[in-house]
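What follows is one structure encoded as structure tokens, with my remarks underneath.
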Amino acid sequence: MAKKRGHYYSEKELIDIAADLTFAVAVPVNVEIEAEHRVLDLSEVEKILRHSENIFLQDCGCRKLHHNCDSPLDTCLAVNVGPDYAEKWPDNNSRMVGVDEALADLCRGHEAGLVHMAYVFKGEEEPQLICSCCTCCCHTLGGIVDHGLTTQVLTSKLIAEDDDTKCIGCGKCVKRCSLGARHMDNGAKRYDPLRCLGCGLCVTTCPTGALRLVDRKKALD
């Protein structure tokens, strides 16, 4: 449960981030890279972990800095990095783990309502850093919700689709959605698919199976 708000990026900062991720980011060793910021559902993450050479579990930098909620701290993963990763980044409290432990930790984060996010760099198909984020601590996630810039900054292959014939209007999906895509209006559920990033939090919460994740492009065409 959130205790207070963290420092969120401003709308201009978020737009600048989106521009950097769309084009190039200069790094200190004079190598230019391109990347996109993605939201991943659990099925995507599991595929990545199964094919990773190594996996390191580490603390979330944002929650470690702000302490604005009681969500788990050790929820971020570094994958396919050098075996000396933990020694290079001692402040992250990193330790090498196996696939099963990594998946269990991701499930723990998912149950706590965290959104799995990742950077995917140009020339790579899979990310090297998978974060489990909350809106009260994460600069980016909190900012895009406040400014309504969800899909301008983050990308996702999936989107939630509702089956209104199964919906009982319990509102559980509304409580689980941290992206502002769902709200209750006079007892009726309202859903804005343009704010949905297919994280799957609402799907695993729905008691009647009225929600599922589908291909974003097909759903919005």
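Name the one entry in R63, R95 that is of a type in the set (K, R), surrounded by fewer than 19 Cβ atoms within 10 Å (Cβ to Cβ) and touching a strand residue (DSSP E or B) at 6+ places or on another chain (Cβ under 9 Å). Walk me through how you get there before you give the answer.
Values: R63 fails: surrounded by fewer than 19 Cβ atoms within 10 Å (Cβ to Cβ).
Exactly one residue qualifies, and that residue is R95.
Quick one: which strands (runs of 3 or more DSSP E) sit completely within the stretch 76-192 and have at least 1 residues that are among the small types (G, A, S) and under 21 Å from the mean Cα position of the chain (by Cα)? I'd like the intermediate steps shown before the answer.
On the way: elements: 76-79, 115-121, 129-133, 158-162, 182-185, 188-191.
In the stretch 76-192, the matching strands (runs of 3 or more DSSP E) lie at 76-79, 115-121, 129-133, 158-162.
Quick one: in the stretch 111-126, of everything that is closer than 30 Å to K172 by Cβ and out of contact with any Ser or Thr (no Cβ under 7 Å at 6 or more places or on another chain), which residue is modelled with the highest pLDDT?
E111
Return the pair list, or none, for Cβ contacts closer than 7 Å from residues in the stretch 75-88 that are assigned by TED's automatic domain parsing to the domain that holds C60 to residues that are in a loop (DSSP other than H, G, I, E, B) and crowded, with 23+ Cβ neighbours inside 10 Å, at least 6 apart or on different chains.
From residues that are assigned by TED's automatic domain parsing to the domain that holds C60, the pairs are T75/C60; T75/L114; C76/C60.
Against the definition (aliphatic (A, V, I, L, M), more than 20 Å from C133 (Cα to Cα) and either surrounded by fewer than 22 Cβ atoms within 10 Å (Cβ to Cβ) or outside the structural domain of E126 (by TED's automatic domain parsing) (or both)), how does A188 come out, yes or no? It would help to see each step written out before you state the result.
Values: aliphatic (A, V, I, L, M): yes; more than 20 Å from C133 (Cα to Cα): yes; either surrounded by fewer than 22 Cβ atoms within 10 Å (Cβ to Cβ) or outside the structural domain of E126 (by TED's automatic domain parsing) (or both): yes.
Judged against the criteria, A188 is a match.
Going through L201, L129 one at a time, which residue ends up being buried (at least 19 other Cβ atoms within 10 Å of the Cβ) and either at pLDDT 90 or above or in contact with a Leu (Cβ under 9 Å, 6 or more places away or on another chain) (or both)? Spell out the reasoning first.
Details: L129 fails: buried (at least 19 other Cβ atoms within 10 Å of the Cβ).
Going through L201, L129 in turn, the sole match is L201.
The values are calculated or read from the model by the stated rules, or taken from the named source; none is laboratory data. Model, not experiment: these values are computed from the prediction. Virtual Cβ from ideal backbone geometry, glycine too; neighbours counted across all protein chains shown.
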